[in-house]
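The structure appears below as structure tokens.
The values are calculated or read from the model by the stated rules, or taken from the named source; none is laboratory data. Small disclaimer: the values here were computed from a predicted structure and weren't measured. Here the Cβ positions follow ideal geometry from the backbone for every residue, glycine too, while neighbour counts run over all protein chains shown.
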Amino acid sequence: MLDINTISGPRIEFDTDALQQNFAHLAKLCAAHGIAVSGVTKAIGGNPYIASLMLDNGICTLADARLDNIARLRAGGIDAPVMLLRAPAMGEVAEAARLADIFLLSEIETIRALATAKAKLGECLQVVLMVDLGDLREGVPPEDLLSLTRAVMATENVDIIGIGTNLACNLGVLPDPSNMAELVALANQIEATIGHPLRYISAGNSSALSLLLNPGLPSKINYLRLGESLFLGRETAHGQTLTHMRGDCFDLVAQVIELKLKAPRPYAVRGRNAFGQQVDVELTEPRQLGVLNVGAVDCEIGGLSPLTSGVSIVGYSSDHLIVDTTDVSDLTIGDEIRFRPDYRALATAMTSPYLAQAGFQASGASLTLEGTPPCLPLR
Ligand SMILES: *Cc1c(COP(=O)(O)O)cnc(C)c1O
């Protein structure tokens, strides 16, 4: 346990009540449609404390794209089944076999290598075959699914336990009645080929929720892998906030380390900034500028929205964030400014070794710290 008062550096704070509300609500909503949820932990860097809240609130399996994150879950005592969302590199096969229980795969070479690695552990490889329904990320083209299925059947020590697809990630192709019907037809084809029902018909990520709510997914679809919706409270096909879901689970907090009125000056020659970009911000009247102790090395700054009214972001470099605070009264050095992260900002902040992570329960006015950072701040 950390005392929140000892975390004075820049940090990401999470509200455990809000998160639990989201987890429980989505798990229940999906269950009412016959769908089980895998909680995708990549946006939280595999934080085991948050993962355990998922498991306490109706989410039965976890999923992540990265072995480092799964290792963090395991080190944090999580023993629930974990799905590896991204195929491991060939050199990672042994570690992947050790850390994950279910694999989303589309290449026979990887399947063979993992089957061998699992055999050494005395386990059978459990595979969800991925099919690409038009988003052009991972997955075999539908017309090649049957030959992949046959090749897997001819491989020892593999169980085909599901079919999955991933949409709305690369090209932004949304799940729709037609590609969902295609997924079901392909699932039926695989079942006929392997001679037993599939456990998982996995229609995708948070972009499927809008279709789930209206008009509904085909009844055979029984599984979703959800990340963003659980953490940010919104579906991702249209970015709509879901009812009964909270969008205020995470705050990024940074401190004002300089606060000065800066008047316009005749501009010297302006070249590129710290990131090699030409910037066109001009100071046309005196403004009070605050410099905060967070920067692009810590988090995707473009994904932060200030929560303090009157504060706007005017620039940043690797280690500094510059905000206009002219319209904020009573601000002093040492004050903290809060930001709401979007998905990119959340994922980068939660994997930054420079930011502390602090969970709290909003009980009355006081904050009770519950979480500890999965990766310790370097300080
Ligand atoms: C990241 C990912 C998800 C979760 O996506 P969200 O939009 O965060 O719900 C699901 N499946 C796969 C394969 C992923 O890579």
>> Just to verify a result, which residue in segment 59-84, among those that are assigned to a loop (DSSP other than H, G, I, E, B) and within 16 Å of the ligand (Cβ to nearest atom), is surrounded by the most Cβ atoms within 10 Å (Cβ to Cβ)?
In response: Ile59
> Could you list, in sequence order, the residues of segment 238-277 that are in a loop (DSSP other than H, G, I, E, B) and hydrophobic (A, V, I, L, M, F, W, C)?
Replying inline: Leu242, Met245, Cys249, Ala263, Ala268, Val269, Ala274, Phe275
>> So in segment 93-129, with the set limited to residues that are among the charged types (D, E, K, R) and away from the ligand (no atom under 16 Å from the Cβ), which one is surrounded by the most Cβ atoms within 10 Å (Cβ to Cβ)?
In response: Lys118
> Just checking, how many residues over segment 52-81 are in contact with a helix residue (DSSP H, G or I) (Cβ under 7 Å, 6 or more places away or on another chain) and within 17 Å of Tyr343 (Cα to Cα)?
Replying inline: 4
> So which residues in segment 85-131 are within 17 Å of Asp64 (Cα to Cα), β-branched (Val, Ile, Thr) and assigned to a strand (DSSP E or B), if there are any at all?
Replying inline: Ile102, Val127, Val128
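Within segment 331-364, count every residue that is within 16 Å of the ligand (Cβ to nearest atom) and either over 17 Å from the mean Cα position of the chain (by Cα) or of a type outside the set (Gly, Ala, Ser) (or both).
Result for segment 331-364: 8.
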> Is it fair to say Ser178 is under 29 Å from Arg234 (Cβ atoms), within 13 Å of the ligand (Cβ to nearest atom) and modelled with pLDDT of 95 or more?
Replying inline: no
>> What's the total number of residues in segment 243-296 that are surrounded by 15 or more Cβ atoms within 10 Å (Cβ to Cβ) and polar (S, T, N, Q)?
In response: 3
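Give Ile313, Ile322 a once-over and let me know the one that is touching a helix residue (DSSP H, G or I) at 6+ places or on another chain (Cβ under 8 Å), part of a strand (DSSP E or B) and outside the structural domain of Thr41 (by TED's automatic domain parsing).
Going through Ile313, Ile322 in turn, just one is touching a helix residue (DSSP H, G or I) at 6+ places or on another chain (Cβ under 8 Å), part of a strand (DSSP E or B) and outside the structural domain of Thr41 (by TED's automatic domain parsing): Ile313.
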> Hey, among the residues in segment 240-271 that are out of contact with any helix residue (DSSP H, G or I) (no Cβ under 9 Å at 6 or more places or on another chain) and either closer than 26 Å to Ile163 by Cα or acidic (Asp, Glu) (or both), which one's nearest to the ligand (Cβ to nearest atom)?
Replying inline: Asp251
>> Out of the residues in segment 191-217 meeting the condition of being in a loop (DSSP other than H, G, I, E, B) and over 18 Å from Glu235 (Cβ atoms), tell me which one is farthest from the ligand (Cβ to nearest atom).
In response: Gly195
>> For segment 223-234, which positions are over 13 Å from the mean Cα position of the chain (by Cα) and either within 10 Å of the ligand (Cβ to nearest atom) or of a type in the set (Gly, Ala, Ser) (or both)?
In response: Leu224
> So which of Ser147, Ser219 ends up being without any contact (Cβ under 8 Å) to a residue 12 or more places away in the chain, surrounded by fewer than 23 Cβ atoms within 10 Å (Cβ to Cβ) and either more than 22 Å from Met83 (Cα to Cα) or of a type in the set (S, T, N, Q) (or both)?
Replying inline: Ser147
> Among (1) in contact with a Cys (Cβ under 6 Å, 6 or more places away or on another chain); (2) closer than 29 Å to Pro48 by Cβ; (3) more than 16 Å from the ligand (Cβ to nearest atom), which single condition is Asn157 missing?
Replying inline: (2)
> How many residues does segment 27-58 contain that are surrounded by fewer than 18 Cβ atoms within 10 Å (Cβ to Cβ) and among the charged types (D, E, K, R)?
Replying inline: 2
>> Here is a list: Gly162, Gly172. Which entry is farther than 18 Å from Ser202 by Cβ, within 16 Å of the ligand (Cβ to nearest atom) and small (Gly, Ala, Ser)?
In response: Gly172
> Would you say Gly34 is more than 14 Å from the chain's Cα centre (by Cα), at pLDDT 95 or above and more than 15 Å from the ligand (Cβ to nearest atom)?
Replying inline: yes
>> So, in segment 46-58, exactly how many residues are assigned to a helix (DSSP H, G or I) and farther than 21 Å from Ala31 by Cβ?
In response: 2
> So which residues in segment 47-75 are over 25 Å from Cys124 (Cα atoms) and touching a residue at least 60 places away in the same chain (Cβ under 8 Å)?
Replying inline: Asn47, Pro48, Tyr49, Ile50, Met54
